[in-house]
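Structure record follows, encoded as structure tokens.
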Amino acid sequence: MLTGWLIAGLIVGIAGFSSPTVVGAKSTRDREVERMTALATWVEMVRDTISAASGLTETLRATAVTAPMAVRVPVQQLAARAEREPLPEALAKFADEVDHGVADTVVVTLRLAAANQTGSLQEALAELAENTRHEVSMRLRIEASRARQFTSARFIAGVVAVFSIGMVGFSKSYLAPYDTVWGQVALTVIGSLFIGSAIALVKMSQFNSPPRILDVVQNPVTSATVEGGHR
């Protein structure tokens, strides 16, 4: 409406539609790190509690109250189900709810322990928690190293936006070439480069979550599946 350029309206519309993804990218990465840290903490709690408890069901009940907030609800539901359902089924539903590769590994480990097919559950849980914390530490280091690039990108985008609005408001004659067809083509290229760069920056900043080893919804876990995944 300010410029009379159809392309400008299209660019602003696309930018507005994409902005939640761009702005919320860091929050998504932070939530992922928080969930992995919470899973590692809960695994350590299970490891420390299982020696004093008389079984896995009692251990799950004992850790449900103090589990980290990021996984507390699924853990509480797991503890409740374990008292009225077979433990393998309760663990399978827990893995489905958390929907994370680390949770799948925990479920496999606990199911093997419940079937007396693992030598030392505490050692397995300790190793799993340690590996998860190592990955979290790596992600935090990468996030810190990228902070400068993200800050620079936000600064450049802000300067360009303020400058463009200022030119439209106070020096419209300077932008007269964009009133032509070729000017609109040039504006399309410029806008596409900016939007594409923002999307590419978000894509490159994303971490790939550990692959799930249990297909809980489409292929419920069986003893053969667990043993195959363990191998």
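The values are calculated or read from the model by the stated rules, or taken from the named source; none is laboratory data. For clarity, every value in this text was computed on a predicted model and none was experimentally measured. Counting neighbours? That spans all protein chains shown, and the Cβs are built from the backbone with ideal geometry, glycine included. All accessible areas refer to the heavy atoms of the entire protein, side chains included, with ligands and DNA or RNA removed. Shrake-Rupley method; radii C 1.70, N 1.55, O 1.52, S 1.80 Å.
Given the criteria part of a helix (DSSP H, G or I) and among the acidic types (Asp, Glu), does GLU85 qualify? It would help to see each step written out before you state the result.
Details: part of a helix (DSSP H, G or I): no; among the acidic types (Asp, Glu): yes.
Criteria not met by GLU85.
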### Message
Take the conditions of a type outside the set (Val, Ile, Thr), open to solvent by less than 10 Å² (accessible area, probe 1.4 Å) and more than 20 Å from ALA129 (Cβ to Cβ) and apply them to ALA67. Does it pass?
### Response
no
### Checking ALA79 against (1) surrounded by 17 or more Cβ atoms within 10 Å (Cβ to Cβ); (2) modelled with pLDDT under 85, the condition it does not meet
(2)
### Query
Of all residues in segment 109-136, which are open to solvent by 50 Å² or more (accessible area, probe 1.4 Å), of a type outside the set (D, E, K, R) and within 21 Å of the chain's Cα centre (by Cα)?
ASN131, HIS134
### Task
Scan segment 163-217 residue by residue and report those that are under 30 Å from ARG139 (Cβ atoms), open to solvent by less than 70 Å² (accessible area, probe 1.4 Å) and without any contact (Cβ under 8 Å) to a residue 40 or more places away in the chain.
GLY196, ALA200
